[in-house]
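Reading through the C-alpha cells given below for one structure.
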Amino acid sequence: MGEKGKGWSLGLAALLGPAAFWLGVFFLLPLLLILAYSFGTSGIYGGLTLGFNPSNYLKVFDPLYLEITVRTLVIAFINTLLCLALGYPLAYFIALRGGRWKTALLILVMVPFWTSLLIRAYAWVVILGGNGIANRTLQFLGITDGPISLIFTPQAVLMGMVYSYLPFMILPLYATLERFDTSLKEAAHDLGAGRWHAFWRVTFPLSMPGVIAGSILVFIPSAGEFVIPNLLGGSQTVLLGNLIQQQFLNARDWAFGSALAVMLAVLLLGAIMFYVRRIGTEKLGGV
Amino acid sequence: MEDRRIQERPPDAPPVDRKVAVALSGITKRFGDFVAVDDLNLDIYEGEFFSLLGPSGCGKTTTLRMIAGFEEPGEGEISVAGQPVQGVPPYRRPVNTVFQSYAIFPHLNVFDNVAFGLRRAGVKGEELRQRVTRACKMVQLQGFEKRKPRMLSGGQQQRVALARALVNRPKVLLLDEPLGALDLKLRKEMQLELKNLQHEVGITFIYVTHDQEEALTMSDRIAVMNEGVVQQVADPATLYERPRNRFVANFIGQTNLFSGTVESVNGEKVTLVVPDGAKVEAVAQDGAEPEPGSEVHVAVRPEKVRFGAAGDNVCTAEVRQIVYLGVSTQYITWLPDGRKLALYQQNIQDAGGYDVGDEVTVSWDARNCLVLGG
Ligand SMILES: Nc1ncnc2c1ncn2[C@@H]1O[C@H](COP(=O)(O)OP(=O)(O)O)[C@@H](O)[C@H]1O
Ligand SMILES: [Mg+2]
C-alpha cells in the first residue's frame with residue numbers, strides 16, 4: 001500500500017510539476033514582488049527602496065484616486081451586465097436553435113479574436129472619431145449638423161469594452177446551454193409554466209454556471225482594462241488600469257502603482273467571492 | 001401472476017355510456033417526407049388505462065407529444081375532454097406528462113419539483129403544502145421532500161415524476177415508457193403500483209410502452225401500432241385471443257403461423273390446404289369471410305396445441321428442442337414439411353416425458369386456430 005501510494009504521488013508530482021513551476025515562477029513570484037514593492041518607497045527620480053511604508057496605501061484612499069476606483073468598478077459592472085444581456089440571447093439561440101449552423105455561428109463569435117485588441121480598438125477610433133464614419137453618416141442623414149463628440153466619452157469606452165468582452169460571456173454561456181436538457185423546458189411547459197416562467201424558473205437557474213463563469217471572465221479583465229480607455233476614453237474616463245500604467249511608466253512611482261495593483265486584486269477577489277457566495281450557492285446548490 | 005390480469009371492468013361491455021377523454025381523429029404527422037403517424041383514429045375513455053404498444057420507432061412518443069401539445073399534427077383533430085386543442089399550448093392543456101427521461105428539475109428538491117405545477121396554478125400556503133405532502137405519500141416518497149433529485153435512485157426519481165404530474169389532478173396523464181429505465185424486479189413492482197394508483201385516482205392514463213407483457217398486465221385497452229399505423233385496438237384478452245393480423249399475432253405473445261390456400265368456407269369455419277397438402281381447420285375473424293382460393297395465414301398459440309390426437313387438426317411431428325420454463329415446458333417440434341410448431345405443456349406432477357428426437361402426435365382445435373387478415 002505504502003509503496004503503491006508513493007509511486008502514485010511521484011507520478012502526480014511529475015504531472016503537476018511543470019504547471020506548478022510555471023505558475024510559481026511567472027505568476028506567484030511577480031505577485032509577491034508587487035506586494036513587496038507596494039510597501040516600498042519610491043525615490044524622486046524613480047528607483048525604489050524596499051521597507052515597510054504604508055503611505056502608498058493611504059494615498060489610494062485619496063478622493064481623487066477613490067473616484068477612479070469607483071468609476072472603474074461601475075464601468076466593469078455595467079460592462080458585465082451589458083455583455084450578459086446581449087450575450088445570453090445569442091448564446092441561447094446558437095446552443096438551442098443553431099442546428100447545423102452551430103459551429104459556424106460559434107466561429108463567427110470568435111472572429112474578433114483573430115486580430116489584436118489594439119487594432120480593434122483603433123478601428124473604433126476610426127469609426128467614432130470627429131471625422132469618422134459614424135459622424136459622417138449622422139451628418140449625411142441630416143441628424144446632426146456638425147461633428148459631435150462620440151469618442152472620448154464613457155459611452156465610447158463602454159461600447160469598446162462590450163465589443164471586446166462579449167465573446168468571453170458568450171462562450172461559457174454557450175457551453176452550459178448546449179448541455180441543457182430541453183425536456184426540462186418541456187416539463188415546465190407541461191406543468192403549466194408559460195415561456196416566461198419556464199425560462200426564469202428552469203432554463204436560467206440551470207444556466208447559472210455559465211452566467212457565473214462568463215461574468216467573472218468579463219468583470220475581471222474589464223476592471224483592469226487600460227487599452228480601451230486609453231484610446232476611446234478622455235480625461236474623464238481614466239480607469240484604474242490607466243492609473244496603474246501611468247504610475248509604472250510615466251510617473252515612475254512603482255510603489256504607489258504596486259499598491260494600486262494590490263488593491264485592485266483584493267477588490268476583485270472580494271467581489272468574486274461575494275458574487276459566487278450570493279448567487280452561486282443559492283442558485284447553484286444541487287446542480 | 002396471471003391473476004393480475006383480472007379485469008376491473010368486463011372487457012366486452014360496450015363503453016357507450018362512457019365519456020371520451022381524448023379523441024384523436026384522422027391524425028397524421030410527418031417529419032419531412034417521413035410519416036411518423038398515419039391517419040390515427042382513437043377514442044380513449046375517461047378513467048381508462050389505455051396503452052399505446054408497438055416496437056421502437058412506431059410513433060408512440062410522437063402521438064403522446066401531439067396530445068401534450070409539443071407537436072402539432074399535420075392533419076386531423078385532437079380533443080381533450082370534449083375540447084379541440086389545436087393551437088392550445090402545452091401549458092394550457094389539461095394533461096400532464098411523465099417523461100421517458102423523467103425530466104426532473106435538478107436544481108429543485110423533491111418538494112419544489114412536485115409543487116411546480118401547483119404554484120403555476122396559483123395554489124399557495126397550507127393547501128400547497130398539504131397537496132404536495134399527499135402526493136409524495138401516494139408514491140411513497142414521504143420524508144424525501146427536502147432531497148435533491150441527484151440523491152435519489154432511479155425508482156425514486158420515477159416516483160417524483162409521477163407525483164409531480166398527478167398532483168395537478170390532470171384530466172389525462174400521459175406516460176412515456178415510464179418504467180423503461182428500471183430493472184426488472186422494480187419494474188414489476190411499479191407496474192402493480194401504477195395500476196393501483198390509476199384505480200385510486202381514477203384519472204385517464206395513456207401509457208406508452210414497447211413491452212407487450214407490461215401492456216397486457218396493466219391496460220384496460222391497448223392500441224397496437226406499427227410504422228405509424230394502428231393495427232388493432234382491443235382489450236388484452238381479445239388482442240391475445242383474437243389478433244387481427246400477423247403483426248399483432250407475432251407481437252403479442254408467441255404464436256405458430258401457417259400459410260395456405262382457402263379450400264372451403266362454411267360459416268365461421270374455414271378449411272385451408274397448406275403447401276404440403278395437409279388440411280388445416282380454422283375459424284375466420286368475426287365478420288370476415290375469406291374467399292375460397294385465396295392465400296391466408298392462420299395462427300395458433302403454443303399453449304393451445306397439445307400432445308395426442310384429440311383435436312380438429314392432428315399431425316405427427318418430431319421433437320427438436322425442449323425448454324423447461326418452470327411452470328410449463330416448451331417443446332419445439334418439426335412437422336414433416338419442415339415447419340416449426342411450438343407447444344407448451346403445463347408441468348402438472350411429472351407428466352409428459354418426451355425426449356428430443358421422439359415422434360409425437362400433436363393436435364389443436366379449429367376454434368383456437370384463427371385466420372388472420374392483412
Ligand atoms: N423531431 C423529429 N424529427 C424527425 N423525425 C422524428 C422526430 N421525432 C420522431 N421522429 C421519427 O418518427 C418516428 C417515430 O418516433 P417516436 O414517436 O419517437 O417512436 P416511438 O416512441 O414509438 O419509439 C421515428 O422513426 C423517429 O425517428
Ligand atoms: Mg418513444
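Each reported figure results from applying straightforward, stated rules to the coordinates on display, with no laboratory input. The shown structure was predicted, so the numbers you read here are calculated from the model rather than taken from an experiment. Cβ coordinates were reconstructed from backbone atoms using ideal geometry, including for glycine residues, and neighbour counts include every protein chain displayed.
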- prompt: Using the membrane-span-like helix rule (whole DSSP H runs, Cα extent along the own axis of at least 24 Å, mean Kyte-Doolittle hydropathy at least 0.0), which helices of chain A qualify?
  reply: A:2-23, A:63-92, A:154-178, A:254-275
- prompt: Gap in Å between the Cα centre of segment A:79-100 and the Cα centre of segment B:211-264?
  reply: 51
task: Measure nothing fancy, just the Cα-based angle from helix B:110-120's long axis to the longest principal axis of chain B, in degrees from 0 to 90, nearest 10.
output: 70
Convex hull projection area averaged over all views, segment A:141-192, Cα basis, nm²: 7.5
message: Loop only by DSSP, 15 or fewer other Cβ within 10 Å of the Cβ. Give me the trypsin sites (Lys or Arg not before Pro) in segment B:280-374 that pass, ordered by residue number.
response: none
- request: Tell me what the protein assembly as shown gives for mean residue ellipticity at 222 nm when only DSSP H runs of n ≥ 4 count, each as -39,500 (n - 2.57), the sum divided by the residue total, rounded to 500 deg cm²/dmol.
  value: -13000 deg cm²/dmol
statement: Per DSSP, the loop-located trypsin sites (Lys or Arg not before Pro) within segment B:96-178 having at most 12 other beta carbons within 10 Å are B:K124, B:K146
- prompt: For labels at B:D183 and A:Q139 in the simple 7 Å Cα→Cβ model, what's the distance in nm?
  reply: 8.1
message: Let's test the formula: R0 of 56 Å, r as the Cβ-Cβ distance of B:Q86 and A:F113. What FRET efficiency results, to the nearest 0.05?
response: 0.70
- prompt: What FRET efficiency do you get for B:Q130 and B:D355 if R0 is 56 Å and r is their Cβ-Cβ distance, rounded to the nearest 0.05?
  reply: 0.25
field: Cα long-axis angle, helix B:125-138 against chain B (0 to 90 degrees, to the nearest 10)
entry: 20
- prompt: If you build a Gaussian network model of chain A, linking Cα atoms that sit under 10 Å apart, which residue out of A:F21, A:F61, A:F93 swings the most?
  reply: A:F21
- prompt: Roughly speaking, what is the centre-to-centre gap between segment A:118-186 and segment B:176-202 when only Cα atoms are used, to the nearest Å?
  reply: 56
Pair B:S153, A:D181: separation of 7 Å Cα→Cβ label points (nm): 1.9
- line: extent check for segment A:59-285: Cα max minus min per principal axis, descending, whole Å, gives 62, 48, 30
Residue of A:L239, A:L108, A:L171 that the Gaussian network model of chain A assigns the largest fluctuation, springs spanning Cα pairs under 10 Å: A:L108
Under 19 Å from the A:F204 label point (7 Å along Cα→beta-carbon), backbone N, segment A:79-98: A:79-96
Acute angle (nearest 10 degrees) that the helix B:154-166 long axis makes with the longest principal axis of chain B, alpha-carbon atoms: 70
- request: Write down the radius of gyration of segment B:254-372 and its Dmax, each obtained from C-alpha positions, in Å.
  value: 14.7, 46
- prompt: How many angstrom separate the Cα center of segment B:58-90 from the Cα center of segment A:1-75?
  reply: 63
field: segment B:283-374 - percent relative contact order, Cα under 8 Å, separation 6 or more
entry: 44
- request: For segment B:20-249, take the alpha-carbon Rg, divide it by the Kirkwood Rh, and send me Rg/Rh.
  value: 0.97
- prompt: Once Rh for the protein assembly as shown is found with the Kirkwood sum over Cα pairs, what is the Stokes-Einstein diffusion coefficient at 20 °C and 1.002 mPa s, in µm²/s?
  reply: 67
Debye log10 I(q)/I(0) for segment B:197-252, one point scatterer per Cα, at q = 0.19, 0.22, 0.24, 0.30 Å⁻¹: -0.65, -0.83, -0.96, -1.36
message: How large are Rg and Dmax for segment A:234-280 when calculated on the C-alpha trace, in angstrom?
response: 13.7, 41
- prompt: Computed FRET efficiency, Cβ-Cβ of A:L28 and A:W8, R0 22 Å: what is it to the nearest 0.05?
  reply: 0.25
task: Go ahead and set up a Gaussian network model of chain A, Cα springs under 10 Å, then flag whichever of A:L191, A:L166, A:L118 fluctuates most.
output: A:L191
message: Using 23 Å as the Cα-Cα cut-off, could you pick out the over-long pairs in B:K124/B:K171; B:K60/B:K195; B:K60/B:K148; B:K304/B:K340; B:K148/B:K185?
response: B:K60/B:K148; B:K148/B:K185
statement: Restricting to Cα pairs under 8 Å and 6 or more apart, the percent relative contact order of chain B works out to 15
task: With label points built 7 Å along Cα→Cβ from the Cα atoms of A:R278 and B:A121, find their separation and express it in nm.
output: 3.7
